[in-house]
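Comments concern the structure below.
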């Protein structure tokens, strides 16, 4: 195929899948905002968490057994094509993530948008009867557009879709398509005025002492990422051995979650916790805050609730950095921004995308320290990540 035709097709595919991913993410962000505000106004909805969990298990068992693998399926299918990504993945993950947040579960949202983008990309690939290489680019672009539109960082999204697959290997034609998808998706988000959190712009002034303190933060972020990954793996492995029935497991652990949420009492670990992340930029938080978020999130997602890991990991990184900044002569806001990006970078093995995300969300001046912190945290966290089929 001639180069100009290949470039034209890539741009067309990128704009198409990005626009659809943007529309899906906009609808999802509005639905999620409704769910969060509804729960905030009526926290007794938490008592229905076991029913929401059982309904989630029912939906996937009846309509989407393959789709239940989520982002693991998407990554595996792109790297080693074997079967189709079911179109039912998009509506299922949309609905079940909203249910998780409506009834007070601790989970994220960006993983949902990634799955929706990939599912829509698969539908396009089928409709257009594309060849395997073009399908692969569509799936990568759909993943990236979903991630970028959900977090509000389109360039990071374009890079995420490729970096998460091969941990650093980026092809120019795929980058072009992903950039087109990210730009189109972000435009849709802007035109629909979808709800996004506005984070503060962070000031950065170089100080030689940061050459010690940023690596120290990277070590903390790596340890938190490893703790999260190991905890999820442990519960996903051990809980089914203790309680073999999926329905019994989600109901029993949901009841435990209700008791623990009520015992903790603050409500700050339900849902996304975006207000806590924002407050971390101005206030040094208690050391238990990131650890409790790990605990509640791991319990929630390990029993089958949907939503993803990005926002909880950003919460964990931001609040841990806020705690650390209390004991060091550093800018709290800078450390929070770096922690926000670096824990997820370490957990997902996407340091470049996360460093770019920090620059998009907190200001270009954070790019250099974010690169250092994200790459160090990723390296120190070891080879295992939250996604099973990364190469």
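None of the figures in this text is laboratory data; all of them are computed from the coordinates on show. Bear in mind the structure is a predicted one, so any value in this text is a computation, not a measurement. Glycine gets a Cβ as well: all are built from the backbone with ideal geometry, and neighbour counts include every protein chain shown.
Numerical summary
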| read-out | value |
| --- | --- |
| Residues being more than 20 Å from residue 106 (Cα to Cα) and in contact (Cβ under 8 Å) with a residue 24 or more places away in the chain - total across segment 1-42 | 19 |
| Residue identified as closer than 24 Å to residue 55 by Cα and touching a residue at least 60 places away in the same chain (Cβ under 8 Å) among 278, 251 | 251 |
| Complete set of residues in segment 119-146 that are under 23 Å from residue 192 (Cα atoms) and in contact (Cβ under 8 Å) with a residue 60 or more places away in the chain | 120, 121, 124, 141, 142, 143, 145, 146 |
| Count - residues of segment 56-94 that are surrounded by fewer than 17 Cβ atoms within 10 Å (Cβ to Cβ), under 23 Å from the mean Cα position of the chain (by Cα) and assigned to a helix (DSSP H, G or I) | 3 |
| Candidate set from segment 313-340 (those that are outside any helix (DSSP H, G or I) and in contact (Cβ under 8 Å) with a residue 12 or more places away in the chain); member that is farthest from residue 254 (Cα to Cα) | 329 |
| Matching option when the condition is within 26 Å of the chain's Cα centre (by Cα) and either under 24 Å from residue 282 (Cα atoms) or surrounded by 12 or more Cβ atoms within 10 Å (Cβ to Cβ) (or both), among 246, 207 | 246 |
